Amino acid sequence: MDAEETWREAGLYDPHDPASADRLGLLRYLTQRGATVEQMVEAHRVGALPGVAGELVTRSTTGMVSVADIAERCGLPVSRVMRILLAAGIPVERETEVPADLETLMSAFEQGAALMGEEAILAFTRVLGSAANNVAEAAIALFFAELGPGTVRGGPDELGRARLAEAATNVFTEVPGVLAHLVMDAFERAQRRAQTTRSWLGPVPSADDEAEGPTEVVALGFVDLVGSTAWAQTLPLRDQNLALTRFESAAWTSAVLAGGRVIKMIGDEVFFAAPTAEAACRIGLEVCRAAAEDDALPPARGEVGIGPATPREGDYFGPLVNLLSRLVKVGAPGEVVVTEAVAEELPPDAWVVRPLEPTSLRGIDGPVRALVVDRPSLSD
């Protein structure tokens, strides 16, 4: 039986279909690259046959082995290997096949657990898994937004779409190497920042201090878009996405240039950290200004505070974060509201500070005194 007959019997090819020549070209293209009939049938069933070209690029070159085999090779219980893989975001059962090179994850985990404890390293593994998933999901979303079905550049036919999937996946294979350099660069900057905020000098912490967890004094801020729910209903989804991307880009650029970082985006809100109270205020004002200058975005407002907070998995927690989240509706559009501690650290000759009436906030004891800040050069 020749290939065309095999494809016809598998339901992949109909010689009487007007697009049969296109489909035949696609099937030959995929077969030449190693696709099996079973693989193509499954992809065809869900309407994703051109995408097989991308899957073939990332097919493991190290071989696949079962979780039980990984456990045997590493000398670990299967249950422990499964727990590590699940923490990394990899769904597995005992006989699930995974890339053989995941042995390196087991080795790294055991070294880390011996040094810092199993639960702590499991939590860190979840951070790694979350970051990997975010990178992968962002790459897929980017492809479908720019080159996927219904886009201008989505390919004229099935073969064209397959070539695009293959080309995009080949580009993505460069990402892990690039990411390794970015992670090390970020690690070095985080080390330097930690040396200034978590000094080894000072009293030895008590048992009560250890129970509460480590804290550091840090400047934190939020900037959110005002009336974003109503705003979102006025724009097509693509225009809304592009506008939010510009908002995120402005926040990212302002934070990085000020020596800070974006901790996370929460819908239409950005949560950031900065090395000083003044830097945090500058970030907040610049992001609000960027929103005001973007014709497609609603106005933004910000809140900044400084004080002790608990760092955990790249995020911050504690009373300061809770306070700032409650201050979100205190300021008017375009304003940055700060705590008294922030206002006290701002150089008086470089900032304009206007006190607000003390206000009661849900979950916060007593009236809260907040202030609106601006820079003379921005308020003129």
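Among the residues of region 20-43, just one is open to solvent by 40 Å² or more (accessible area, probe 1.4 Å) and within 15 Å of Ala165 (Cα to Cα), namely Arg33. Candidates in region 53-91 are the residues that are β-branched (Val, Ile, Thr) and at pLDDT below 90; of these, the one that is surrounded by the fewest Cβ atoms within 10 Å (Cβ to Cβ) is Thr61.
Of the helices (runs of 4 or more DSSP H) lying entirely inside region 273-380, those containing at least 3 residues that are within 30 Å of Arg189 (Cβ to Cβ) are 277-293, 319-326, 340-345. The set of residues in region 24-58 being closer than 16 Å to Tyr13 by Cβ and polar (S, T, N, Q) consists of Thr31, Gln32, Thr36, Gln39. Can we say Ala296 is open to solvent by 10 Å² or more (accessible area, probe 1.4 Å), among the small types (Gly, Ala, Ser) and more than 14 Å from Pro333 (Cβ to Cβ)? Yes; evaluated as a whole, the condition is true for this residue. Scanning region 53-89 for residues that are over 25 Å from Glu119 (Cβ atoms), in a helix (DSSP H, G or I) and aliphatic (A, V, I, L, M) yields Ala53, Leu56, Val57. Among the residues of region 101-114, those that are loosely packed, with under 14 Cβ neighbours inside 10 Å and touching a residue at least 24 places away in the same chain (Cβ under 8 Å) comprise Asp101, Ser107. Considering only residues in region 242-262 that are among the aliphatic types (A, V, I, L, M) and open to solvent by 30 Å² or more (accessible area, probe 1.4 Å), the one that is modelled with the lowest pLDDT turns out to be Leu242.
Within the bounds of region 356-368, is there any residue that is at pLDDT 95 or above and out of contact with any helix residue (DSSP H, G or I) (no Cβ under 8 Å at 6 or more places or on another chain)? No. Can you confirm whether Val178 is outside any helix (DSSP H, G or I), modelled with pLDDT of 95 or more, aliphatic (A, V, I, L, M) and under 18 Å from the mean Cα position of the chain (by Cα)? The answer is no for Val178. Screening Glu95 on (1) outside any loop (DSSP other than H, G, I, E, B); (2) surrounded by fewer than 15 Cβ atoms within 10 Å (Cβ to Cβ) shows it passes everything except condition (1). Among the residues in region 117-128, are any open to solvent by less than 40 Å² (accessible area, probe 1.4 Å), outside any helix (DSSP H, G or I) and at pLDDT 90 or above? There is at least one residue in region 117-128 that is open to solvent by less than 40 Å² (accessible area, probe 1.4 Å), outside any helix (DSSP H, G or I) and at pLDDT 90 or above. Taking the listed residues Ala290, Ala243, Ala280, the one that is under 24 Å from Leu323 (Cα atoms) and among the small types (Gly, Ala, Ser) is Ala280, with no other qualifying. Close Cβ contacts (under 9 Å, 6 or more residues apart or on different chains) running from residues in region 115-135 that are closer than 14 Å to Ile84 by Cβ to residues that are assigned to a helix (DSSP H, G or I) and of a type in the set (Phe, Trp, Tyr) comprise Glu118/Phe109; Ile121/Phe109; Leu122/Phe109; Thr125/Phe109.
Restricting region 4-19 to residues that are loosely packed, with under 14 Cβ neighbours inside 10 Å and at negative phi leaves a set whose member that is nearest to the chain's Cα centre (by Cα) is Ala19.
Applying the condition of being among the acidic types (Asp, Glu) and part of a loop (DSSP other than H, G, I, E, B) to region 129-175 and asking which residue is nearest to Ala53 (Cα to Cα) yields Asp157.
Somewhere in region 248-267, is a residue of a type in the set (Asp, Glu), touching a residue at least 40 places away in the same chain (Cβ under 8 Å), more than 17 Å from Ala309 (Cβ to Cβ) and outside any strand (DSSP E or B)? No, the conditions are met nowhere in region 248-267. When each of Gly331, Gly284, Gly267, Gly302 is tested for being out of contact with any strand residue (DSSP E or B) (no Cβ under 7 Å at 6 or more places or on another chain) and within 30 Å of Pro236 (Cβ to Cβ), the lone residue that passes is Gly267.
The values are calculated or read from the model by the stated rules, or taken from the named source; none is laboratory data. What you see is a predicted model, and the numbers here were worked out from it, not measured in a lab. FYI the Cβ positions are ideal-geometry reconstructions off the backbone, even for glycines, and counts take in every protein chain you see. With ligands, DNA and RNA removed, areas are computed over all heavy atoms of the protein, side chains included. Shrake-Rupley method; radii C 1.70, N 1.55, O 1.52, S 1.80 Å.
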